[in-house]
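Okay, structure first, notes after.
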Amino acid sequence: MKINQQFIKNSNLKLLYSIIRNCPGTSRVSLAKATGLSKTTVSSLVEELIKKEFLIDGGTAESSVVGRRPKHLYLTGDRHCAMVINWAPGSITAALIYLNGSIRYQETVMLEAPEDYSSCLNKLILKVRNQKADSAVIIGTCIILSAMIDRASHKIISTTLHLDPEEPVVETIRRILPDEPLAFLNDTACLAYAEKYYSSIEDNPFAFINLDQGIGAAIFVDGKLFGDASGMQTQFGHYSVDPNGRACACGNRGCLEVMIGEKAAGRLITDCGSNKHFKSLNTIRFTDIGTAAKEGDPIAVQAISTIADYLSAGLSNFISLIRPSSIVIGGSGTGLGDEFLCKLKQNIKSRGFQRMVDQVQINYSNLGGDACLLGAMQYFFNYYYSFTDDIHGHTFLG
Ligand SMILES: [Zn+2]
């Protein structure tokens, strides 16, 4: 019984918080009308949120109604933050992010070898904690991984991080942060959640494609993320676009990731003939191809055409399967530029099931480089943070 009451109370507190976020200055009376809760219940819940410094009472509002004037309520936004750690191939970024989405502190360190992650994390976490000069409360820590996070085995699988498949990542990080609420989240899910939340996307279904070293997809149906943030539900990067194509680490052939993931950029340029400009680069990234294509480099233009061909083959089928109203493309693939997006759209319109592909909107993400960090903080707060329960020491996978 106690568990149910706590659950309902937490849900109501989150509902009030969310309404005030969407409509700053809302009064207690308006909250009662919007939620169907009694004025007494709303007042009690609001007082609790004020006491815990999630809300402030902004004073009385102008009103034409005779009698007591309603008081404006606002989110504090900067009294609580999450520590977000983004473990990408070759680097780890740690940041403190307030609930209002502003970044208190951020630092990135290069990772010499994948197995050094533990000592690297220890150093970063120490730095982050030393930087936190204000009195904001850290509500939990998110670890973002470009990987599938398997709840059943507690293992990190199918990752671009070059880790030993048996490496006990979850247990090792838990030992570094023994008492923290700790969430392990897939990178594509975090990017997609940021897109949905911060760009206020209402399209239904809505799909987000992370075109990067790995290639991932996240789908929102009726406003909710399909599956969870573990990356276990969809593996768009392992969608084969050529049954006789290159062998992929997953066991299949011709997977999108092995054919056109960013790691294949150098090979794609070589296949197109390469040239002096590209031969002078140590590593070829999507942004190098996009920049060169913009300047009319014929090798870059040809490589963009190849990447668009393969991705449009995958996306045309993807659209036939779930019929999204809109698709947003994010990740380093946005560096391929407008020419790539234009070519991709042309291909999809000429290949897919016409009725479906004619209606889907395809665009690049407009969010900046911190989107993944913001998405993780917001996902953690919305799904795992509890106003009523002590979640210290809890581990959330996906
Ligand atoms: Zn594969």
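The values are calculated or read from the model by the stated rules, or taken from the named source; none is laboratory data. Not measured: the values here are computed from a predicted model. Here the Cβ is made from the backbone with ideal geometry for all residues, glycine too, and neighbour counts use every protein chain on show. With ligands, DNA and RNA removed, areas are computed over all heavy atoms of the protein, side chains included. Shrake-Rupley method; radii C 1.70, N 1.55, O 1.52, S 1.80 Å.
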Checklist (1) within 16 Å of the ligand (Cβ to nearest atom); (2) among the small types (G, A, S); (3) part of a helix (DSSP H, G or I) applied to A293, failing item: (1)
Yes/no for A95 being assigned to a strand (DSSP E or B) and buried (at least 21 other Cβ atoms within 10 Å of the Cβ): yes
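Here's the yes/no breakdown for (1) surrounded by 15 or more Cβ atoms within 10 Å (Cβ to Cβ); (2) out of contact with any strand residue (DSSP E or B) (no Cβ under 9 Å at 6 or more places or on another chain); (3) part of a helix (DSSP H, G or I):
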position: I139; (1), (2), (3): yes, no, no
position: C142; (1), (2), (3): yes, no, no
position: T160; (1), (2), (3): yes, no, no
position: P165; (1), (2), (3): no, no, no
position: T172; (1), (2), (3): no, yes, yes
position: R175; (1), (2), (3): no, yes, yes
Conditions (1) more than 29 Å from P181 (Cβ to Cβ); (2) open to solvent by 30 Å² or more (accessible area, probe 1.4 Å); number of the one not met by H394: (1)
Condition broken by I307, with the remaining ones in (1) open to solvent by 40 Å² or more (accessible area, probe 1.4 Å); (2) free of Cβ contacts under 8 Å to residues at least 60 places away in the same chain satisfied: (1)
Subset of the range 288-343 [farther than 16 Å from T270 by Cβ, out of contact with any Lys or Arg (no Cβ under 6 Å at 6 or more places or on another chain) and among the aliphatic types (A, V, I, L, M)]: A293, L311, A313, L315, I319, L321, I322, I327, V328, I329, L336, L341
Identity of the residue in the range 245-289, more than 10 Å from the ligand (Cβ to nearest atom) and free of Cβ contacts under 8 Å to residues at least 12 places away in the same chain, that ends up nearest to L341 (Cα to Cα): A264
Leading residue by the ranking (farthest from the ligand (Cβ to nearest atom)) among those in the range 226-244 that are hydroxyl-bearing (S, T, Y) and in contact with a Phe, Trp or Tyr (Cβ under 9 Å, 6 or more places away or on another chain): S230
Sole exception among (1) among the hydrophobic types (A, V, I, L, M, F, W, C); (2) within 19 Å of G375 (Cβ to Cβ); (3) within 16 Å of the ligand (Cβ to nearest atom); (4) part of a helix (DSSP H, G or I) for A194, by number: (3)
